[in-house]
């Protein structure tokens with residue numbers, strides 16, 4: 001996690017005025033996704049474009065996101081993926097994850113589970129939480145490899161421990177149902193609770209159901 005990710009918006013604005021590219025990237029990311037701030041796609045796009053022109057690789061990922069989803073600019077999925085690829089090849093973990101998504105879905109570029117897995121692995125090598133989840137999902141579903149629920153569980157656990165709420169939910173389900181691991185009521189409640197604390201609706205519903213079940 002960069003120092004800019006933990007800054008409040010006011011401090012980021014100060015750093016942006018100083019032309020700090022890390023701050024420009026982080027503020028643009030928040031603006032286009034509405035993370036802790038009102039969405040402003042036009043400004044987010046402009047900041048991402050500026051950072052990209054200055055050669056900041058992470059800004060290219062945000063710019064790709066803007067083109068892919070039409071945030072502050074008309075939708076151009078192919079250009080978005082091109083920008084993701086450039087940023088991914090430049091070493092940005094989130095862009096590597098996005099390339100995994102692109103190859104997994106196969107809607108913009110030809111689908112390829114092996115290439116998707118490779119990009120997810122590159123992203124996971126940099127501790128990107130969502131990438132660990134995807135590696136687990138590929139092993140659970142048998143995408144491009146034999147199904148392996150035990151290995152899937154291990155990747156889900158890694159992702160959950162890094163704070164990804166969807167992985168925390170899946171991990172809780174695993175403990176509740178004995179999928180890839182021995183059943184454990186307490187651990188199921190713990191991980192579902194972690195996901196519920198992050199307002200993940202399926203976890204909240206499942207947690208309530210388990211509480212009723214265990215109280216009977």
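Since every read-out is calculated from the coordinates, none of them should be taken as a lab result. The shown structure was predicted, so the numbers you read here are calculated from the model rather than taken from an experiment. Here the Cβ is made from the backbone with ideal geometry for all residues, glycine too, and neighbour counts use every protein chain on show.
Points worth noting:
- GNM flexibility winner over the chain from 131, 48, 196 (Cα, springs under 10 Å): 196
- 108, 32 arranged by Cβ crowding within 10 Å, fewest neighbours leading: 108, 32
- Exposure proxy ranking for 28, 59, 2, 215, based on other Cβ atoms within 10 angstrom of each Cβ and starting from the fewest, stands as 215, 2, 59, 28.
- Overall, the ratio between the Cα radius of gyration of region 1-126 and 2.2 N^0.38 Å, rounded to two decimals, is 1.04.
- Residue 183 paired with residue 114, simple spin-label distance in nm, labels 7 Å along Cα-to-beta-carbon: 4.1 nm
- Pair residue 35, residue 197: separation of 7 Å Cα→Cβ label points (nm): 2.0 nm
- Answer label, with Rg/Rh (Cα atoms, Kirkwood Rh) calculated from the coordinates and candidates (1) 1.24; (2) 1.05; (3) 1.03: (3)
- Rounded FRET efficiency, nearest 0.05, which uses the C-beta distance separating residue 69 from residue 89 and R0 of 22 Å: 0.55
- Helix 113-124 axis, angle to the chain major axis (alpha carbon atoms, nearest 10°): 80 degrees
- Counting other Cβ atoms within 10 Å as a rough exposure proxy, the listed residues 141, 189, 1, 99 run 1, 141, 189, 99 from fewest neighbours to most.
- The rule of thumb for compact globular proteins, 2.2 N^0.38 Å, goes into the C-alpha radius of gyration of region 128-216 1.04 times.
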